[in-house]
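Worksheet for the structure shown next.
The values are calculated or read from the model by the stated rules, or taken from the named source; none is laboratory data. Quick caveat, the model's predicted, so the values are computed rather than measured. When we count neighbours, we look across all protein chains shown, and the Cβ atoms used for this are built from the backbone with ideal geometry, even at glycine.
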Number of protein chains: 2
Amino acid sequence: MSNIQVITGKKDFIESLRGKKATFLLALSNTDTANIEGITQAGIPGLLHLTPTLDSEFVCTGEVRSLENIAKTPKGVPTPALMTRAVHLQNPFGDIELLNLGLKAVPKLDYFKIHNFDISPSGSIDNIAGIDAQEVFQKGTEFGQSYLKDCKNDYIILAESVPSGTTTATATAMALGYENVEDKFSSSFKNVPNSIKQDTIKKALSNIDKNDDLFEILGKVSDNMLIFNAGFILGLNNQIPLILAGGTQMASVLLIVNKILQTMDGKLDTSNLALCTTSWVANDKNSDIKSLIELNEFKLNSYYVDFDFSLSNHPALKLYDEGEAKEGVGAGGALIYGFLNGLSKEQITEQVEEFFK
Amino acid sequence: MSNIQVITGKKDFIESLRGKKATFLLALSNTDTANIEGITQAGIPGLLHLTPTLDSEFVCTGEVRSLENIAKTPKGVPTPALMTRAVHLQNPFGDIELLNLGLKAVPKLDYFKIHNFDISPSGSIDNIAGIDAQEVFQKGTEFGQSYLKDCKNDYIILAESVPSGTTTATATAMALGYENVEDKFSSSFKNVPNSIKQDTIKKALSNIDKNDDLFEILGKVSDNMLIFNAGFILGLNNQIPLILAGGTQMASVLLIVNKILQTMDGKLDTSNLALCTTSWVANDKNSDIKSLIELNEFKLNSYYVDFDFSLSNHPALKLYDEGEAKEGVGAGGALIYGFLNGLSKEQITEQVEEFFK
């Protein structure tokens, strides 16, 4: 009956946002982890680092400017940015702003606000990512604290595009001491190339010294988006409704927040915080986002959107329903935003199909 | 061609609201008058007092939480809240806020604003309702005065859910000295159980003392919603467009306003005030809302929505077209809000039918 399903918590939070306008913040970052051959499906081989750049160009303008064709995975799975853009066309976000959290190629966009934080792309975690995690975290908290007064809309949707981000997200959660989480993270692949991913994570974890503190650990095995967003959440401090639009990468952000709170003996009111993802993540048999969310000491409302491509015959789109790609560029949260403002599955499907014409 | 028809006044007021966003205020109250057997069709026998609670839960979340099934009348007429929710799904209100004007069961809702006024459910009017009418009225005026700065949207739709409210509305108008009004009020029944209603009203009027002042009269024969809303209208004082979304109960609210103005020798600019109801009320042969509106000294724009279930084959919905139920939970005003923002009769009908799947 409803297009929005509860993962954890209750419907009330998301229902209270019905009819309201959101700012769409898109956190973009590169990690050289993506250069490990075969580790991700999110992008074009050899040009994976362009994925966040192209995704953001497409969401903002409908054009892919830093390359001739829109990012497709090797099997031809189109970027989930298609869904985000489709919603934006039919029920626009109040604002779209980009967070450059270490991009190799700056999106070719005028007029759109690109927040720069002087953060470099991070290294591959199989050989120490080399992030100044404390600094990136602090930049996140400061941005969160100051952003409240800059936000012109009723709430914020925070999305991400980070190629090979599920690998860094998994390594991060494991390195922070969460147990039995390795098989709970999702992948952009239907048939996950586990050996490559596992090897990478194993190498990443082997670099951790038993004397490393929290931020030293994150600096070795994580990525800028995960660390920055954790800071952003803490800086924003529940002052405005915030939707984390993503799958298990956003779950990893929350696990960082949880670990920081535990380490500092702090508390965070999370009544204005929620995670929204796709049905492809929520119903994925090879991962378990619900368990990841429930590892946190704080309570969280989380939801998935009852959207698939059952109304489409397009072979590239059907791949989503077969388990490829699943989430990214805030697709799940964007779809929920569309449904909260009266869009139908038919309308969104038709718009996505339009992009292929 | 237009879905909005004039009852009194001109189209201009409602047309000027086309495309604008409304706050939906839902005034909820219980009167023990509803406990008189057979007096109302709005709710579940034995659990009539839950009707406003369930209606508000359903409008806000799509879920009925204080009971297992959505409120149906004995003949199975579904609550008009279905239409209000259908519009909210397809063209959301900017905000929904609830006014607790004496509820036996508080709606089980988080995040949604429930304004509490420390008002108790009122007694049955056949044995003196026992309302401190001056206090309830004053709470309404104070809320109206303060609400203007709290309203984030372009205008306000004020709706109600009060089981057996047409009985108290009729008694109120008669007790205030309006003549020949008894047969002008509508009923949730197609075949109105006149003897029960008439007996109740007769008993209510017999309790009035010739020395009773206006508020003493209201305290004996009225209900909290009628009195509070009259105060709200006067407190708001035409500062923002206000739609009274309801049928003859809202007409009774206006008759209270009119009587208060006459008593105090006051004037109210009503250029920003309108009443919106359903076609089932406006075209009801057993009542006459137009005459009730025209009893007031002030001019008023009033409208009904050209919506029925002629596009549906659902037997429960067809009962509306046969004269059962008619209005409530702001259905008429909500439908007009939907049409003012581009919804079609087909879309709304399909969404209402969805609720039965």
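Of all residues being within 13 Å of chain B (Cβ to nearest Cβ) and free of Cβ contacts under 8 Å to residues at least 40 places away in the same chain in the stretch A:344-354, which is surrounded by the fewest Cβ atoms within 10 Å (Cβ to Cβ)? Just the residue, please.
Quick first cut of the stretch A:344-354, residues within 13 Å of chain B (Cβ to nearest Cβ) only: A:344-347.
Those still in the list that are free of Cβ contacts under 8 Å to residues at least 40 places away in the same chain too: A:344, A:346.
Numbers: A:Ser344: 18, A:Glu346: 9.
If we take residues in the stretch A:344-354 being within 13 Å of chain B (Cβ to nearest Cβ) and free of Cβ contacts under 8 Å to residues at least 40 places away in the same chain, then A:Glu346 is surrounded by the fewest Cβ atoms within 10 Å (Cβ to Cβ).
Within the stretch B:49-65, which residues are more than 14 Å from chain A (Cβ to nearest Cβ) and surrounded by fewer than 24 Cβ atoms within 10 Å (Cβ to Cβ)?
Keep residues of the stretch B:49-65 that are more than 14 Å from chain A (Cβ to nearest Cβ), which gives B:49-55.
Within the stretch B:49-65, B:His49, B:Leu50 qualify.
In the stretch A:205-217, what residues are of a type outside the set (Gly, Ala, Ser) and either in a loop (DSSP other than H, G, I, E, B) or within 16 Å of A:Asp126 (Cβ to Cβ) (or both)?
Within the stretch A:205-217, A:Leu205, A:Asn207, A:Ile208, A:Asp209, A:Lys210, A:Asn211, A:Asp212, A:Asp213, A:Ile217 qualify.
Taking the stretch B:299-343, which residues are among the hydrophobic types (A, V, I, L, M, F, W, C), assigned to a loop (DSSP other than H, G, I, E, B), touching a Lys or Arg at 6+ places or on another chain (Cβ under 8 Å) and in contact (Cβ under 8 Å) with a residue 40 or more places away in the chain?
Here is the first cut: in the stretch B:299-343, the residues among the hydrophobic types (A, V, I, L, M, F, W, C) are B:300, B:305, B:307, B:309, B:311, B:316-317, B:319, B:325, B:329, B:331, B:334-336, B:339-340, B:343.
Right, trim to assigned to a loop (DSSP other than H, G, I, E, B) and you get B:300, B:307, B:309, B:311, B:325, B:329, B:343.
Narrowing further to those that are touching a Lys or Arg at 6+ places or on another chain (Cβ under 8 Å): B:307, B:309, B:311.
Hits for the stretch B:299-343 are B:Phe307, B:Phe309.
Condition (residue is within 12 Å of chain A (Cβ to nearest Cβ), within 23 Å of B:Ala334 (Cβ to Cβ) and in a helix (DSSP H, G or I)) applied to the stretch B:66-73: is it met by at least one residue?
The answer is no, given that none of the residues of the stretch B:66-73 is within 12 Å of chain A (Cβ to nearest Cβ), within 23 Å of B:Ala334 (Cβ to Cβ) and in a helix (DSSP H, G or I).
Name the single residue that is nearest to the other protein chains (Cβ to nearest Cβ) among those in the stretch B:119-137 being buried (at least 22 other Cβ atoms within 10 Å of the Cβ) and part of a loop (DSSP other than H, G, I, E, B).
Among those residues, the one meeting the criterion is B:Ile119.
Please go through the stretch A:311-341 and give me each residue that is within 14 Å of another protein chain (Cβ to nearest Cβ) and surrounded by fewer than 24 Cβ atoms within 10 Å (Cβ to Cβ), ordered by number. Spell out the reasoning first.
Looking only at the stretch A:311-341, we keep the residues that are within 14 Å of another protein chain (Cβ to nearest Cβ), and these are A:336-341.
Within the stretch A:311-341, A:Phe339, A:Leu340, A:Asn341 qualify.
Okay, residues lined up against (1) assigned to a helix (DSSP H, G or I); (2) in contact with a strand residue (DSSP E or B) (Cβ under 6 Å, 6 or more places away or on another chain); (3) aromatic (Phe, Trp, Tyr); (4) over 28 Å from B:Cys151 (Cα atoms):
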{"residue": "B:Leu226", "(1), (2), (3), (4)": "yes, no, no, no"}
{"residue": "B:Ile233", "(1), (2), (3), (4)": "yes, no, no, no"}
{"residue": "B:Ile243", "(1), (2), (3), (4)": "no, yes, no, no"}
{"residue": "B:Val253", "(1), (2), (3), (4)": "yes, no, no, no"}
{"residue": "B:Val257", "(1), (2), (3), (4)": "yes, no, no, no"}
{"residue": "B:Gly266", "(1), (2), (3), (4)": "no, no, no, no"}
{"residue": "B:Cys276", "(1), (2), (3), (4)": "no, yes, no, no"}
{"residue": "B:Val281", "(1), (2), (3), (4)": "yes, no, no, yes"}
{"residue": "B:Asp284", "(1), (2), (3), (4)": "no, no, no, yes"}
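Look at the stretch B:92-118 and say how many of its residues are within 14 Å of chain A (Cβ to nearest Cβ) and free of Cβ contacts under 8 Å to residues at least 40 places away in the same chain.
Residues that pass the stated criteria total 5.
Restricting to the stretch B:94-110, give me the number of residues that are farther than 18 Å from B:Pro52 by Cα and either surrounded by 24 or more Cβ atoms within 10 Å (Cβ to Cβ) or of a type in the set (Ser, Thr, Tyr) (or both). Reasoning before the result, please.
Going residue by residue through the stretch B:94-110, those that are farther than 18 Å from B:Pro52 by Cα are B:94-95.
Applying the additional criterion that residues be either surrounded by 24 or more Cβ atoms within 10 Å (Cβ to Cβ) or of a type in the set (Ser, Thr, Tyr) (or both) yields none.
Residues flagged as farther than 18 Å from B:Pro52 by Cα and either surrounded by 24 or more Cβ atoms within 10 Å (Cβ to Cβ) or of a type in the set (Ser, Thr, Tyr) (or both) within the stretch B:94-110 amount to 0.
One residue is enough: does the stretch A:283-291 have a residue meeting the conditions without any contact (Cβ under 8 Å) to a residue 24 or more places away in the chain and not hydroxyl-bearing (Ser, Thr, Tyr)? Show your work before the answer.
Taking the stretch A:283-291 as the starting set, the residues that turn out to be without any contact (Cβ under 8 Å) to a residue 24 or more places away in the chain are A:283, A:285.
Those left that are additionally not hydroxyl-bearing (Ser, Thr, Tyr): A:283, A:285.
Yes, because at least one residue in the stretch A:283-291 is without any contact (Cβ under 8 Å) to a residue 24 or more places away in the chain and not hydroxyl-bearing (Ser, Thr, Tyr).
Please state which one of B:Ser195, B:Ser187, B:Ser161 is modelled with pLDDT under 95, of a type in the set (Ser, Thr, Tyr) and closer than 20 Å to B:Ala331 by Cβ.
Details: B:Ser195 fails: closer than 20 Å to B:Ala331 by Cβ; B:Ser161 fails: modelled with pLDDT under 95.
Among B:Ser195, B:Ser187, B:Ser161, only B:Ser187 is modelled with pLDDT under 95, of a type in the set (Ser, Thr, Tyr) and closer than 20 Å to B:Ala331 by Cβ.
Do we have A:Phe307 as buried (at least 22 other Cβ atoms within 10 Å of the Cβ) and either among the small types (Gly, Ala, Ser) or within 14 Å of chain B (Cβ to nearest Cβ) (or both) here? Spell out how you get there, then give the answer.
Values: buried (at least 22 other Cβ atoms within 10 Å of the Cβ): yes; either among the small types (Gly, Ala, Ser) or within 14 Å of chain B (Cβ to nearest Cβ) (or both): no.
No: the conditions fail for A:Phe307.
When only residues in the stretch A:1-48 that are closer than 20 Å to A:Gly94 by Cα, more than 14 Å from every other protein chain (Cβ to nearest Cβ) and out of contact with any Phe, Trp or Tyr (no Cβ under 6 Å at 6 or more places or on another chain) count, which is surrounded by the fewest Cβ atoms within 10 Å (Cβ to Cβ)? Let's see the steps before the verdict.
First, pick out the residues of the stretch A:1-48 that are closer than 20 Å to A:Gly94 by Cα: A:13-28.
If we keep only those that are more than 14 Å from every other protein chain (Cβ to nearest Cβ) too, we end up with A:23-28.
Adding the requirement that they be out of contact with any Phe, Trp or Tyr (no Cβ under 6 Å at 6 or more places or on another chain) leaves A:23, A:25-28.
On the way: A:Thr23: 21, A:Leu25: 26, A:Leu26: 27, A:Ala27: 28, A:Leu28: 26.
It comes out as A:Thr23.
Assuming A:Lys149 fulfils every condition listed in (1) outside any helix (DSSP H, G or I); (2) within 30 Å of A:Leu17 (Cα to Cα) apart from one, which condition is it?
Failing condition for A:Lys149: (1).
Which of the residues spanning the stretch B:257-276 are within 25 Å of B:Ala81 (Cα to Cα) and without any contact (Cβ under 8 Å) to a residue 60 or more places away in the chain? I'd like the intermediate steps shown before the answer.
Of the stretch B:257-276, the ones within 25 Å of B:Ala81 (Cα to Cα) are B:273-276.
The answer is B:Leu273, and nothing else.
Would you point out which residue out of A:Phe298, A:Phe339, A:Phe356 is over 30 Å from A:Asp269 (Cβ atoms) and hydrophobic (A, V, I, L, M, F, W, C)? Quick ask: steps written out before the conclusion?
Values: A:Phe298 fails: over 30 Å from A:Asp269 (Cβ atoms); A:Phe339 fails: over 30 Å from A:Asp269 (Cβ atoms).
Unique residue meeting the criteria: A:Phe356.
Check B:Ala34, B:Ala86, B:Ala27 and return the single one that is modelled with pLDDT under 95 and within 20 Å of the chain's Cα centre (by Cα).
Numbers: B:Ala86 fails: modelled with pLDDT under 95; B:Ala27 fails: modelled with pLDDT under 95.
Result: B:Ala34 is the single residue among B:Ala34, B:Ala86, B:Ala27 that is modelled with pLDDT under 95 and within 20 Å of the chain's Cα centre (by Cα).
Just to be sure before I move on: is A:Gly140 at pLDDT 95 or above and crowded, with 19+ Cβ neighbours inside 10 Å in the structure I sent? Steps first, please.
Details: at pLDDT 95 or above: yes; crowded, with 19+ Cβ neighbours inside 10 Å: yes.
Yes.
Can you name every residue in the stretch A:267-326 that is more than 16 Å from the chain's Cα centre (by Cα) and β-branched (Val, Ile, Thr)?
A:Thr270
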